[in-house]
Each structure stands twice: as structure tokens, then as C-alpha cells.
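The structure appears below as C-alpha cells.
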Amino acid sequence: MSRQHEQLKRMKRVTDAAWLSASQKLRQKAGLERDAVQKLTDLSVARNERIQLLSGDSSTDHALMVTTARWLRWSQVEKARLNSELAKIRAQLAAEQASARVAFGRNNALDRLLLNMKAGTRR
């Protein structure tokens, strides 16, 4: 085996590790995004339930109305916080995607070089 082939094989191990690391980070950020979206969805469902509770019965207890109004105000603040968190996660996810594309491209290029080199030695 030629020296160049050995160097490419060593480089391939490095690019394999880089791709594995990048893809793991990408999966991690995607999981965080799913969690944030789920929290927002759950909050939205809870808000709709509270609103239905208030609008469904005109004899609703005053204390319940006050408590629900306070919860709705809190939920607006929480929704804004979650949206901000989601935007931050999505920005990080986009950065990880860019990094993963580069790592994948390098790994794929070395795969092709090694394959071409192997095909060339068979001839």
C-alpha cells in the first residue's frame, strides 16, 4: 500500500470522528428543538382549556376567574420566554447543520478518494 493511501486512511479516521461528533451535536440540538416545541404546544393547549373554562359558564366563581386571568398573564410571559428559547435553539441548530455539512462533505470526499484509489489499484 502506498504512503499516500495510508495518509488518506488516517485522514479518513479523523473525518469519521469529526462527522460522528457533528452528527451527534446535530441530533442533540434537534432534540432540544423538539422539546421546546412540545413545551409551547402544551402551553397553548393549557391556555385554550383555561379560556374555554372561562367562556363556557357564566356562573364561574370570581376567585376562579381571577386566578385564571393571572395564569393567562403568566402564560403569555412564559410563551414569550419559550419562543425566545426556541429561536436561540434554532439558531444553534442552523450553526450545527452548517458544521455537520462540512464534516459530512469532507468525510464523503475522502470516501470517494479511497474508493477511487482502491479501484485504481485493482486495474
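The values are calculated or read from the model by the stated rules, or taken from the named source; none is laboratory data. These numbers were taken from a predicted model, which means no experiment stands behind them. Keep in mind that these areas ignore ligands, DNA and RNA; they rest on the heavy atoms of the full protein, side chains included. Shrake-Rupley method; radii C 1.70, N 1.55, O 1.52, S 1.80 Å.
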Problem set entry | Principal semi-axes in Å for the range 51-107 [√(5λ), Cα gyration tensor, largest first] | 46, 11, 5
Seminar exercise, completed: Taking every alpha carbon pair in the chain and sorting the distances into 5 angstrom bins from 0 up to the bin holding the longest one, the percent per bin comes out as 2, 10, 13, 11, 9, 8, 8, 7, 6, 6, 5, 4, 4, 3, 2, 1, 1, 0
For this session: Please determine, in degrees from 0 to 90 and to the nearest 10, the orientation of helix 3-56 with respect to the longest principal axis defined by the Cα atoms of the chain, where the helix direction is its Cα long axis.
Result: 10 degrees
Problem set entry | Part-to-part distance (alpha-carbon centres) for the range 31-101 and the range 1-16, which is given in Å | 50 Å
Exercise. What lysines could a cross-link reach from K39, if we take a straight Cα to Cα line under 27 Å and drop same-chain neighbours fewer than 8 places away?
Worked result: K25, K29, K79, K88
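Once you keep just the Cα pairs under 8 angstrom separated by 6 or more residues, what percentage relative contact order results for the chain? Write out the running numbers ahead of the final one.
Working: 54 pairs, mean separation 65.6, N = 123.
Answer for the chain is 53 percent.
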Problem set entry | With every protein chain in place, the chain: carbon and sulfur % of accessible area (1.4 Å) | 55 percent
Exercise. What are the semi-axes of the equivalent ellipsoid for the range 12-63, taken as the square roots of 5 times the Cα gyration tensor eigenvalues, largest first, in whole Å?
Worked result: 49, 6, 4
